[in-house]
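**Q** Got a structure for you, questions after.
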Amino acid sequence: MRQQVAMTAIALGLLSLPLAATAQVTPADGDPSATAAADAPAEVVVTGTRIPLAGLTSSSPVVSTGEQQIRLQSALTIEDFSTKLPQLSGGVRQGSQGSDAFGAQVLELRNFGQSRSLVLIDGTRAAPFSFRNSVDVNAIPASLIKRTDVLTGGAAAVYGADAVAGVVNFILNDDYEGVRATATSRLSVRGGAQYGGSLLMGAGVGERGHIVLAADYTQRDLIRARQRDWAATPTQTIPSIGGVFTDVASGRRFGFGDDGTFSLTPATTSNLSGRYPLISPLKRINVAALYKYALAPQIELYGRAMYTNARTEETGTPGATPASVSRTVGIAQNNPFLTDAIRSRLTFVNGVAQVNVVRSLGELGLVTYHTERDTFQFQSGLRGALTGATRWNIYAQYGRSTEGTRITGDGLVANAAGANNFGAIVNTVDIFGPDRPGLAAALGSPINGFDRKRDQFVAAGTISGTLEELFSLPAGPIGFATGLEYRRETASIGQDTALLTGNTYRQGVQAAYSGSFDVLEWYGEMLVPVLRDLPLIRKLDVGGAYRLSDYNLFGRHGTWKVEGNWEVARDLRLRGTYQRVLRTPNFGEFAATTSSLPFSNLVTVDRLRPRYAGDPCVLGTGDAAQCARFGAPAAGSTDSRSANYLTGNYYYGGNPDIKPETGYTTTAGAVFTPTFVPGLTATVDWYELDLRGAVGVIQPVAAITSCYITNPTAGNPLCGLVTRNPGTGTFRDAFVNNQNLGRLLQRGFDIGASYTLRGDWLPGRGLRASYQGNIVTSYLIQANPTVSAVQCKGTFGATCSSDGTTLVQPDYRHTAGLGLLLDRGVIQFDWQRIGRVTSSTPGSTETLPAQDTFDLSASYDFTDRVTMSAGIYNMFDRTPPRVSSGGIFNTFPDTYDILGRTIGLSLTTRL
């Protein structure tokens, strides 16, 4: 039966080969959480519901960003404006070096992890990439966006799995008419630039249709760490690039400095961190088409086609650190590169000296992932009126992301015959000193790397409207929406043989895998008007939604919501929701086989450093009895933060037995629109996100902290995640495979306000003030049901990261603005604040101060056809806060601005 229904859903979709699952509505009473008015009244959308009722207001908190605000940010990409919203915590950004996102921007709501925020385009799913459920939002042309709605508080019953923390819905401008060309640049005064342009064209197709075409191009320059003073990492050393050589027979040592100087007491390390990329170069092309055409008076064909090509060069998972060797090799007496000084230090036996060589292979360059990703999505549907009060909508969409990555700066350890490549060339290639010609050609073998593919197919049909043609309640007609949706997702990742076997210097063992799942869902919503025009009850509506999801891999699950909207008077509206939410595991969590990196990478790779903070037993901060129980070295006996202390591997991967996450979200708020202060709107919403069985990994820093500091008991299950070497007691292996962990529980408030002051005594059209703030009152993360929860509000560090990406959890953020509305433009001053945070590491008192940045921007229509926008962003050149350990380039690029003062300029012409 299930297969028959699934095939029916597919057939319905293929008949049209998009259901705009939402439609636009007119804001009610000036509520900024209500969505903007639609140009076409036939389609009505509220983000958070599929019921198309004109004038309907959202029961959930929704924050909107319109075209003017996007223009004031001189936005080339969505990242340029989305990072200003306090509800969007971090995620993957342009400064996320070492990420496997490769040039993507991934949104994250409320520090709940990048896989728990659902991205929509006109109310339907955007195409994901990679093995997660994440979407590269920069694949959406910024020039095509009419409005962005951020709904927080969960929406799984309406939109399906993954909408745990909420949804981000991009509303596209499908009614645009004319031709608009824009050129934009954003230049950092400290070095670094982003520039590009866009072309938007829209026209009617006879009297029955409309088509919009958009093309965007973006280019981002490379920024190296040495271009920012705060990014200097003098202690981040690697083995000497000149090499340190020890004659095994005699123990005599010699080497070469970074400048090539021969020395009998050589420095054993070098520092190339200034060359490491802080922001990777990127080139991106976005092309999109939106169309709609009336086939008949009651049938409209509509849809979209989107394509993105992105090319980037990033450091990848192992980081930028060059390859290195530490090996004993045979140096022949007739080696042509031996000088008298070198020869005098060696002991030749039968014409060969055994020499231990420790050196970085800087000649190969930094480890770099050259990635090209193509993403497309095609969607088409049919919609129309079923009766005067009901509408129908069917659609299908298919999206695919493919990417290929070639790796340079690395090489093969062994040749086809199994012989060590470095050992084989020491007598034919000069290895003595830095920048030796020939080493790159002899050892630097570009690796084919890997390819990743992600596919998504969705087909759905919906009937929605009101029951007014059958009956109406005294307070009005009942609104409803019901439908079926079928979704199939597949993913695969293929690896080069060198990666599969671990035959490279820096990549470890990388596994290939593939997986797929499908789900058939029925959903329904109802909105019931209960009371109207009574004392203290101007309007009272209650509603609910239910979605039944049948997964072939994860079983059958139901999600639901109940909601209420109570308009007490024209000045005050109360609203609230209570929902059950669900997130199914992504491919990396349930399908990925085990891969590994050297455990020592956690102290040599900048991006991985937050995952390890040393051995508490050696540092003297651990419980003495627990340390003795596990045979740890004595306090102060060695350096537990050195690479040599981590002797084994860091194993990570998926878990086929993993289960879906489930939880409950609650919101309750008020919208205040006082009639005695025209132009003022204020909103306050309390929320609670409670997620059980959260899927994730326990990083070594968290496991070690729990085992030896916060819960030092013999039965602590987290102790087994980091093992020790028998005899020495040093750390050996770490195991971080995905599993269902404990609980994520966050409570807080969203506060919003806007006020427009008008008067003949004011210049132009008046003054506009706005504020959006987020206050976190509690954020508990319980890594395992057997250990205590950790209070993470107002903290930083890997201990309190829900997904290892966003490492800062402030308890306060806001964006506030003041704008002067001119007759033909606007001048805007904005203030972003990220509150003070303290280290989540037990025993640490380190604090990062609150961060305040300010923007000054303006937009002006010189003529009806020419508009110029300009801005100074981070105008006081505030540098990101410095962290002593656990950061990336001494800070957290996932949260703080790392560009410094940036000048933006945009010129738009319309034909």
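Each value in this text was obtained by applying a stated rule to the coordinates, not by laboratory testing. From a predicted model like this one, the values you see are computed outputs, not experimental measurements. As a convention, Cβ positions derive from the backbone with ideal geometry for all residues, glycine included, and neighbour counts pool all protein chains shown.
**Q** Mark the label point 7 Å from the Cα of LEU264 along Cα→Cβ and return the residues of the stretch 325-353 whose backbone N is within less than 11 Å of it.
**A** 345
**Q** Between the stretch 160-205 and the stretch 389-434, what is the C-alpha centre distance in whole Å?
**A** Using only Cα atoms to place each centre, the spacing works out to 31 Å.
**Q** Another question about this same structure. As a check on your grasp of the helix formula, calculate [θ] at 222 nm for the chain: sum -39500 (n - 2.57) over DSSP H runs of n ≥ 4, divide by the residue count, round to the nearest 500. Working shown, then result.
**A** Values: 13 runs with 72 residues, N = 911.
The per-residue figure over the chain is -1500 deg cm²/dmol.
**Q** Still on this structure, I have one more. Pick out, in residue order, every one of the trypsin sites (Lys or Arg not before Pro) in the stretch 242-330 that is DSSP loop and has at most 16 other C-beta atoms within 10 Å; say none if there are none.
**A** On the way: sites: ARG252, ARG253, ARG275, LYS283, ARG284, LYS292, ARG304, ARG311, ARG327; in loops: ARG252.
Answer by residue number: ARG252.
**Q** Also: What is the spin-label model distance, in nm, from ARG824 to ASP435 if the labels are put 7 Å beyond Cα along the C-beta direction?
**A** 5.6 nm
**Q** Which distance in Å, rounded to a whole number, links the C-alpha centroids of the stretch 105-132 and the stretch 598-661?
**A** Here the answer is 32 Å between Cα centres.
**Q** Which trypsin sites (Lys or Arg not before Pro) in the stretch 728-763 sit in a loop by DSSP (not H, G, I, E or B) and have at most 14 other Cβ atoms within 10 Å of their own Cβ?
**A** Working: sites: ARG732, ARG743, ARG747, ARG758; in loops: ARG758.
When the trypsin sites (Lys or Arg not before Pro) of the stretch 728-763 are filtered for loop state and at most 14 Cβ neighbours within 10 Å, ARG758 remain.
**Q** Apply the a/c threshold of 1.5 to the C-alpha gyration tensor of the stretch 168-211 and tell me whether it is rounded, prolate or oblate. Write down the numbers at each step before the final one.
**A** Numbers: a/c = 6.60, a/b = 2.43, b/c = 2.71.
Taking the square roots of the gyration eigenvalues as a ≥ b ≥ c, the stretch 168-211 is oblate.
**Q** Answer rounded, prolate or oblate for the stretch 536-581, using the Cα gyration tensor with square roots of eigenvalues a ≥ b ≥ c: rounded when a/c is under 1.5, else prolate when a/b is larger than b/c, else oblate. Don't jump to the answer; show the numbers that get you there.
**A** Working: a/c = 6.91, a/b = 4.47, b/c = 1.55.
Cα axes put the stretch 536-581 in the prolate bin.
**Q** Here is a follow-up. Can you put THR867, THR462, THR501 in order, fewest other beta carbons within 10 Å first? The partial results should precede the final answer.
**A** Values: THR867 20, THR462 24, THR501 14.
Starting with the residue having the fewest Cβ neighbours, the order is THR501, THR867, THR462.
**Q** Go through the stretch 414-426 residue by residue and turn each phi into a ³J(HN,Hα) via Karplus (6.51, -1.76, 1.60, θ = phi - 60°); whole Hz please, and just put x for glycine and proline.
**A** So the J values, rounded to whole Hz, are 10, 8, 4, 7, x, 7, 5, 5, 5, x, 7, 10, 5.
**Q** Take the alpha-carbon centre of the stretch 878-911, take the same for the stretch 725-792, and report the distance between them in whole Å.
**A** 20 Å
**Q** Sort the following peptides by mean Cβ neighbour count (other Cβ atoms within 10 Å, averaged over residues), highest first: 163-172, 237-246. Write out the running numbers ahead of the final one.
**A** On the way: 163-172: 28.4, 237-246: 21.9.
Put in order of decreasing packing, that is 163-172, 237-246.
**Q** Please turn the phi angles of the stretch 181-197 into ³J(HN,Hα) values with the Karplus equation 6.51 cos²θ - 1.76 cosθ + 1.60 (θ = phi - 60°), one per residue in order, whole Hz, x for glycine and proline.
**A** Listing the rounded values in order: 10, 9, 10, 9, 9, 10, 10, 8, 5, 9, x, x, 8, 9, 8, x, x Hz.
**Q** Also: Can you sort TRP831, TRP392 by how many other beta carbons sit within 10 Å, fewest first?
**A** Numbers: TRP831 14, TRP392 19.
Going from sparsest to densest Cβ surroundings: TRP831, TRP392.
**Q** Which net charge results for the neighbourhood of TYR612, defined as the other residues with beta-carbon distances under 15 angstrom from its beta-carbon, given Lys and Arg at +1 and Asp and Glu at -1?
**A** Working: positive: ARG607, ARG609, ARG611, ARG641, ARG724, ARG732; negative: ASP606, ASP615, ASP639, ASP733.
Local charge sum for TYR612: +2.
**Q** Of the trypsin sites (Lys or Arg not before Pro) in the stretch 519-577, which ones lie in a loop per DSSP and count no more than 16 other C-beta atoms within 10 Å?
**A** On the way: sites: ARG532, ARG538, LYS539, ARG547, ARG556, LYS561, ARG570, ARG573, ARG575; in loops: ARG570.
Sites meeting the loop and neighbour criteria: ARG570.
**Q** Taking the beta-carbon count within 10 Å as an exposure proxy, list TYR860, TYR369, TYR652 from fewest neighbours to most.
**A** Ascending number of Cβ neighbours within 10 Å: TYR860, TYR652, TYR369.
**Q** Can you give the local net charge around SER344? Use residues other than it whose beta-carbon is closer than 15 angstrom to its beta-carbon, Lys and Arg +1, Asp and Glu -1.
**A** Working: positive: ARG252, ARG253, ARG343, ARG345; negative: ASP247, ASP340.
Summing Lys/Arg as +1 and Asp/Glu as -1 gives +2.
**Q** Given LYS146/LYS292; LYS84/LYS793; LYS146/LYS453; LYS539/LYS561; LYS84/LYS146, which pairs have Cα atoms separated by over 22 Å? Write out the running numbers ahead of the final one.
**A** On the way: LYS146/LYS292 17 Å; LYS84/LYS793 20 Å; LYS146/LYS453 30 Å; LYS539/LYS561 20 Å; LYS84/LYS146 17 Å.
Over 22 Å apart, Cα to Cα: LYS146/LYS453.
**Q** Arranged from highest to lowest average of other beta-carbon atoms within 10 Å per residue, in what order do the peptides 510-518, 841-849, 74-82 appear?
**A** Working: 510-518: 17.4, 841-849: 14.6, 74-82: 23.4.
Final packing ranking: 74-82, 510-518, 841-849.
**Q** Additional query: Could you work out the local net charge near ASN565, counting Lys and Arg as +1, Asp and Glu as -1, over the other residues with Cβ closer than 10 Å to its Cβ?
**A** Values: positive: LYS539, ARG573, ARG575; negative: ASP541, GLU563, GLU567.
Result for the local shell: 0.
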